[in-house]
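Everything below concerns the one structure shown next.
The values are calculated or read from the model by the stated rules, or taken from the named source; none is laboratory data. Everything quoted here is computed from the prediction, not taken from an experiment. Here Cβ is always computed from backbone atoms with ideal geometry, including for glycine, and neighbour counts include all displayed protein chains.
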Amino acid sequence: MSDLYNVASNPHVRAKDSTSRIMLYVIISLLPATAFGIWNFGPRALLLICITIASCVASEYIFNKVTKRKQTISDLSAVVTGLLLALNFPVSLPWWMPIVGGAFAIIVVKCVFGGLGQNFMNPALGARCFMLISFAGQMSNWTYDGVTTATPLALMRQGQAPDVWAEFVGTIPGTIGETSVIALLIGAVFLILVGVIDIKIPGLYIISFVVFISIFGAANGTAINPQYIAGQVCGGGLILGAFFMATDYATSPITPKGKLIYGILLGFLTALFRTFGSMAEGVSYAIIFSNILVPLIERATIPKGFGVEKEKKSKGGEKA
Amino acid sequence: MGLKTFAGGVHPFEGKELSKDKPVQEYLPTGLMVYPLSQHIGAPAKPVVKIGDQVKKGQLIAEAGSFVSAPIHSSVSGTVKKIEPRRVAAGGMVNSIIIENDGKYDEVEYDAVDDVSKLTKDQILEKIRNAGVVGMGGAGFPTHVKLAPSNPDKIDTIIANCAECEPYLTSDYRVMLEMPEQLIEGMKIVLSLFNGAKGILAVENNKPDCIALLEKLTKDEPSISVQPLRTKYPQGAERSIIYACTGRKINSSMLPADAGCIVDNVETLCCIYRAVKEGKPVNTRVVTITGDAVTDPRNFRCPTGTNFAELVEAAGGFKTQPEKIIYGGPMMGFSNFTTDIPVGKTNSALLAFTKDEVKQYEPGPCIGCGRCVEVCPSRITPSRLADFSEQGRYDQFEKWGGVECVECGSCSYICPARRYLAQAIKAGKKTVLANRRKK
């Protein structure tokens, strides 16, 4: 009888949320934006999404097989990467490019660094930037209603006033998943409510972005008004990036103070790139650049532990 | 007073419904009584009886081994049979006095006091020490040591730890409902040791009946107040409860007394009352026998030394074969492979679960979600510390504040990758502290 009792170290109970459940929540939260993208850009968007996800999952499967590792595709993280990556593509992208992008995201950015949780940059964003460089033309070819056009951000750069309402709803050119602010926010609220993401990083990101875009814009001679700022916030990949990519667990700081610095840094860099960069968009590069700084941010913000800081201060006070 | 709490913490399934409405039932044991000589932190007690001796209930059978130690008393009358190592709840073998119960319960004369207020502080401490009072919540720190801090004038707050934040446990709850007078009188005795100190009865708000009852009973006591606390694990951890009640923070290198506080568990305060007022030693305690494998979960008051297997039988035995036996709560208790364990002063419960919840999970890689950081009451970074511990990088472990861990297990509980975080940190902490001692 006695050998049936399992002896182990405490604690002897566990919370319900598992890694795959968290990934499932992220997938669910991206569905409104995905559905809107398919409605906005047509069935070709669905095709690209399916190809990208299939490429990511297959890449992870094959990598694990070839390197004789435990199969990990059931944790759903490859699906999340594939979906996020696809949402970053223009709908006109040739069908085979997502296969390359998905393989790059999973194998180069994620698996060779040790797989889930070990990647130093967001796999989807890493692949997007790789493709922006490799396929510059196709990756920034914005076709909307059959006409090649410019994104609202590019138009704003030329001095045009943005149609904020269209940006909010999403009936604008752009990548498949980034256009509809309202669809993205529905997903973001869901993620916050189920406790998967915290408002801190995206909230600070957006606030800091608003502050710096105003400062830089003014310095650059742009007329700063609410319409311009709203157009900047709702345009491009800011909302998608802030809620779904900057919050990526593995590539954002784990320390509480680090999260604050990271959020502010993201806003600063995005505003910098958008105002002074060669392209109208800056979210992807801002996030990737900040991802690389995460180890440094963490090292500078190591928490000392409950009650420890206070003790040091009071000791210093006594000496003084 | 408003609800107070600490930062971090988790909300495990409470499971207290199983046994909370079962009044404490007296249980008289029939089998051999086992008295481990280490039922406290500090030096083991030294036996003062030998094999073949007749002892009475309440008689001293082992004296304190040093200042930080506690004496042990018999809880039955009978014959000393053996002195040999026996297994205890924490899993190890501890030298124990074994007494055959004659079932007569012949008691020694107790030195009861009519008016406690006539005793000097030293007399009170003496009585507490002689009664073998230790922290009954689980730590087992000798109470007479705790009550004699180096800076007694700075102690301004005595906290009765009535949180009972561990899931499933209901022994403190029942004691508060059934003998609140002992708790309050015990608190008054401790308050009398520290001039001008205030007493706080700190209760989690999942026990509104206790809060109401204690508030009613203390409304004419200007120096004692009831503080409702948010129900959250580990609300009853010393550092958490001190912060919730006073806003003062202590770390691993400090004692509660450094923050002007002394924290005592419900059962400990009741023991202080019985020791000082009635002159009775610590030789009984309330134990919860519960879990989904137990036929009729309930609370018993039993003599220390009673075999847990007897209590399980008294609770109707196991209705299904348990896969897991835990002494104490599910968060910080010890799992063990047997029910052949004596009830020690610090053993508040036996839990028997049909399924081992943890066994079904395979630990996966850290995804960096940071939930462990959010829930850590010590405000450190469990996922990193576990890595450092597993990799043997103890310098980094110390740099990231690993020794501040209170081993509450919240990080392991919350981890979606099911990593053994608390376990790894505990191991790392042990090594770091051992290395420090060597230096």
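Among the residues of segment B:280-303, the one identified as among the polar types (S, T, N, Q), part of a loop (DSSP other than H, G, I, E, B) and either touching a Phe, Trp or Tyr at 6+ places or on another chain (Cβ under 6 Å) or within 28 Å of B:Asp356 (Cα to Cα) (or both) is B:Thr295.
For the structure I just gave you, tell me whether B:Ile325 is within 7 Å of chain A (Cβ to nearest Cβ) and at pLDDT 90 or above. Considered against the rule, which asks whether it is within 7 Å of chain A (Cβ to nearest Cβ) and at pLDDT 90 or above, B:Ile325 comes out as yes.
Among the residues of segment B:102-137, those identified as closer than 17 Å to B:Ile262 by Cβ and assigned to a loop (DSSP other than H, G, I, E, B) are B:Val133, B:Gly135, B:Met136, B:Gly137.
Against the conditions (1) small (Gly, Ala, Ser); (2) at pLDDT 90 or above; (3) over 21 Å from A:Phe244 (Cβ atoms), A:Gly159 satisfies every one except (2). Of the residues making up segment B:49-96, those that are assigned to a strand (DSSP E or B) and within 22 Å of B:Gly279 (Cβ to Cβ) are B:Gln54, B:Val55, B:Lys57, B:Leu60, B:Ile61, B:Ala62, B:Glu63, B:Ile72, B:His73, B:Gly78. Within segment B:335-354, restricting attention to residues that are of a type in the set (Val, Ile, Thr) and more than 8 Å from chain A (Cβ to nearest Cβ), the residue that is farthest from B:His73 (Cα to Cα) is B:Thr354.
Filter segment B:238-247 down to residues that are facing chain A (nearest Cβ under 10 Å) and within 24 Å of B:His144 (Cβ to Cβ), then give me how many there are. Write out each step before concluding.
First pass over segment B:238-247, keeping only residues facing chain A (nearest Cβ under 10 Å): B:239-240, B:242-243.
Subsequent filtering for residues that are within 24 Å of B:His144 (Cβ to Cβ) retains B:239, B:242.
Residues that pass the stated criteria total 2.
How many of the residues making up segment A:218-269 are of a type outside the set (A, V, I, L, M), part of a helix (DSSP H, G or I) and free of Cβ contacts under 8 Å to residues at least 12 places away in the same chain? Residues in segment A:218-269 being of a type outside the set (A, V, I, L, M), part of a helix (DSSP H, G or I) and free of Cβ contacts under 8 Å to residues at least 12 places away in the same chain: 1 in total.
The numbered conditions (1) of a type in the set (Gly, Ala, Ser); (2) part of a helix (DSSP H, G or I); (3) more than 14 Å from chain B (Cβ to nearest Cβ) are all true for A:Ser278 except (2).
Looking only at segment B:340-363, residues that are over 30 Å from B:Ser38 (Cβ atoms) and assigned to a strand (DSSP E or B) come to 0 in all. Among the criteria (1) more than 9 Å from chain A (Cβ to nearest Cβ); (2) over 30 Å from B:Pro44 (Cα atoms); (3) part of a loop (DSSP other than H, G, I, E, B), the one B:Cys366 does not fulfil is (1). Filtered by the rule that a residue be in contact with an Asp or Glu (Cβ under 9 Å, 6 or more places away or on another chain) and either away from chain B (no Cβ under 14 Å) or surrounded by 18 or more Cβ atoms within 10 Å (Cβ to Cβ) (or both), segment A:181-197 gives A:Val181, A:Leu184, A:Val196. Of the helices (runs of 4 or more DSSP H) that lie entirely inside segment A:125-195, not one contains 2 or more residues that are of a type in the set (A, V, I, L, M), touching a Leu at 6+ places or on another chain (Cβ under 8 Å) and under 30 Å from B:Arg371 (Cβ atoms).
Of all residues in segment B:108-118, one or more are among the basic types (Lys, Arg), without any contact (Cβ under 8 Å) to a residue 24 or more places away in the chain and either surrounded by 15 or more Cβ atoms within 10 Å (Cβ to Cβ) or out of contact with any Ser or Thr (no Cβ under 6 Å at 6 or more places or on another chain) (or both). Count of segment B:138-163 residues, restricted to those that are outside any strand (DSSP E or B) and under 13 Å from B:Thr268 (Cβ atoms), is 9.
The condition (being away from every other protein chain (no Cβ under 14 Å) and among the polar types (S, T, N, Q)) is satisfied by just one residue among B:Thr306, B:Thr290: B:Thr306. Residue count for segment B:280-307 satisfying the condition of being more than 24 Å from B:Asn161 (Cβ to Cβ) and either surrounded by 24 or more Cβ atoms within 10 Å (Cβ to Cβ) or in contact with a helix residue (DSSP H, G or I) (Cβ under 7 Å, 6 or more places away or on another chain) (or both): 3. Of the residues screened, B:Met93 is not one that is touching a residue at least 24 places away in the same chain (Cβ under 8 Å) and away from chain A (no Cβ under 14 Å).
A quick yes/no check of all residues on (1) within 14 Å of another protein chain (Cβ to nearest Cβ); (2) modelled with pLDDT under 95:
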| site | (1), (2) |
| --- | --- |
| A:Asp17 | yes, yes |
| A:Ser20 | yes, yes |
| A:Leu30 | no, no |
| A:Phe41 | no, yes |
| A:Leu48 | no, no |
| A:Val57 | no, no |
| A:Tyr61 | no, no |
| A:Thr67 | no, yes |
| A:Thr72 | yes, yes |
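Please go through segment B:416-439 and pick out each residue that is within 26 Å of the chain's Cα centre (by Cα) and either surrounded by 24 or more Cβ atoms within 10 Å (Cβ to Cβ) or within 20 Å of B:Gly370 (Cα to Cα) (or both). So that I can check it myself, show each step before the final result.
Quick first cut of segment B:416-439, residues within 26 Å of the chain's Cα centre (by Cα) only: B:420-434.
Of everything in segment B:416-439, those that are within 26 Å of the chain's Cα centre (by Cα) and either surrounded by 24 or more Cβ atoms within 10 Å (Cβ to Cβ) or within 20 Å of B:Gly370 (Cα to Cα) (or both) turn out to be B:Tyr420, B:Leu421, B:Ala422, B:Gln423, B:Ala424, B:Ile425, B:Lys426, B:Gly428.
Picking from residues in segment B:19-40 that are of a type in the set (Ser, Thr, Tyr) and over 12 Å from B:Ile83 (Cα atoms), the one that is surrounded by the fewest Cβ atoms within 10 Å (Cβ to Cβ) is B:Thr30.
Matching residues to (1) of a type outside the set (Asp, Glu); (2) farther than 16 Å from A:Val108 by Cβ; (3) surrounded by fewer than 24 Cβ atoms within 10 Å (Cβ to Cβ):
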site	(1), (2), (3)
A:Leu31	yes, yes, yes
A:Trp39	yes, yes, yes
A:Ile53	yes, yes, yes
A:Cys56	yes, no, no
A:Ser59	yes, no, no
A:Phe63	yes, no, yes
A:Lys68	yes, yes, yes
A:Ala78	yes, no, no
A:Thr81	yes, no, no
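Inspection of segment B:317-338 identifies no residue that is among the basic types (Lys, Arg) and in contact (Cβ under 8 Å) with a residue 60 or more places away in the chain.
Determine which single condition A:Ile207 fails, assuming it passes every other condition in (1) more than 14 Å from chain B (Cβ to nearest Cβ); (2) surrounded by fewer than 21 Cβ atoms within 10 Å (Cβ to Cβ); (3) touching a Ser or Thr at 6+ places or on another chain (Cβ under 6 Å). The one condition A:Ile207 does not meet is (3). B:Ser335 meets the conditions (1) outside any strand (DSSP E or B); (2) closer than 16 Å to B:Ala90 by Cα in every case but one. The failed one is (1).
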